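Any read-out appearing in this document is the output of simple, stated calculations on the displayed coordinates, not a laboratory observation. Because the structure is a prediction, the values reported are computed rather than measured. Here the Cβ is made from the backbone with ideal geometry for all residues, glycine too, and neighbour counts use every protein chain on show.
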Amino acid sequence: MIVFVNGVGPAPAPAPGQSLHSDVASVRLRCLLPAAGLRALGYRTALASLADVARPGVVERLRDPAVRVVLGKPTPGSFARHADACAAALEALARLAEARPVHADVCDLLVDEGGPAGRHRELVRTRFHPVVPGQWLADHYRPLCRHAPMVVEDPTETPEAAPPAFRPGTTLRFAWFGIWGPATGRLLASAIDGLEAPGRDLILTVVAQADAAADIEALATAAADRLESPWRVERRDWSPAAVAAALSEADFVLLPQPAGDPRVPAKSHNRMVEAIQHGRFVLASPIPAYRELAEFGWVGDLGEGVRWALARPDAALARIAAGQAAVARRFALPAVARRWAAALALPPPA
């Protein structure tokens, strides 16, 4: 039995005939999908919350040597909003870690602060067994943690690859998708300022959460107000279907990252992997995870990548096709589930 611990409230149960979904990427990629992949390999899995773990008697049941416990990334704001419940759960898991391994999924750089967040960071370093989505994070945490980090990548959320497509016309379509943050507008404005394709109209479709609407409208207005600007910016509210639609329409997928942000190197491969699975050519900043996939798109100066792909459309298509083959080998759910099984030292399923 593998128990994935995420969230604070009661662990959700799927409706009959349905699977669980979350709008939080770390929950989908580091909990729900791995649990499904492990079940497909023949293992039993369960979901629990931090509140479940803190209940009397639960930790004692988790001491069963046949059980593996994976503490997922805390959902945004949970430590601040539910400090007491989180602190109690962390102490219960700390006691459990004295008797048997407790694995902690570490998707990013942990903040050095007080309260439950600080305790979580301390336990990752001293008692828990870290599991990370990329080599950069493993290298970062190896000298800091008692137990060596294990790398298990994010699985693709797109099991069936779309046919590679790159036949740009007189209008070039670009797509960006993700969680809109305070600096995203400036980042995208800078990115499109550096992109040119003389004689073509340029459209950027932004897929982000609904509360980013005003910021995206401001980006659209600023782009349209530029003298003789070829750009038009469109907005769509985030959903899996909206992301899939935007990617299917795009010639290029933009994945810029801000230079100098110390958190950026920790980011995983997942957005580049999803764009490749949708058969699209990726223009990405050279962060560690994207550099690992550089031969399957363009990782570097985004404007140079546009010029290269437009001049060599057949080569661009070949890169996408090679990328999809690499995704099938490395990021498909069965392959990732096998790496979870190895990281958790699971015996062969009964």
Normalised radius of gyration for the stretch 57-172, please: alpha carbon Rg relative to 2.2 N^0.38 Å, two decimal places.
1.38
Working from Cα positions, state the angle (0 to 90°, nearest 10) between the long axis of helix 333-343 and the longest principal axis of the chain.
40
Per-residue HN-Hα couplings for the stretch 308-319 [Karplus 6.51, -1.76, 1.60; θ = phi - 60°; Hz; x = Gly/Pro]
4, 5, 5, 7, 9, x, 5, 5, 4, 4, 5, 5
So for the chain, considering every pair of alpha-carbon atoms, how many percent are separated by more than 31 Å?
37
In whole Hz, the Karplus estimates of ³J(HN,Hα) for the stretch 152-166 (6.51, -1.76, 1.60; θ = phi - 60°; x where Gly or Pro) are 9, 5, 5, x, 5, 8, 10, x, 9, 5, 7, x, x, 9, 7
Distance between the stretch 76-138 and the stretch 311-350 - C-alpha centres, whole angstrom:
28
Cα long-axis angle, helix 115-126 against the chain (0 to 90 degrees, to the nearest 10)
80
Taking Cα atoms, the helix 213-225 axis meets the longest principal axis of the chain at an angle in degrees (rounded to 10) of 20
Collect residues whose amide H, placed 1.01 Å from N in the peptide plane, falls under 5 Å from the amide H of G279; neighbours closer than 5 in sequence don't count.
A162
Dipole of the stretch 171-330 (Lys/Arg Cβ +1, Asp/Glu Cβ -1, origin at the Cα centre): which of A289, A246, V299 lies farthest to the positive side?
A289
Out of residues 5 or more away from T156 or on other chains, whose amide H comes under 5 Å of its own, with H placed 1.01 Å from N in the peptide plane?
A332, L333
Only helical DSSP H runs with n ≥ 4 go in: add -39500 (n - 2.57) per run for the chain, normalise by residue count and round the 222 nm mean residue ellipticity to 500 deg cm²/dmol.
-11500 deg cm²/dmol
Hydrodynamic radius of the stretch 18-71 per Kirkwood, over alpha carbon pairs, in Å
12.5
Name the residues whose placed amide hydrogens come within less than 5 Å of the amide hydrogen of T205, ignoring near sequence neighbours (fewer than 5 apart) on the same chain.
F174, A175, W176, E234
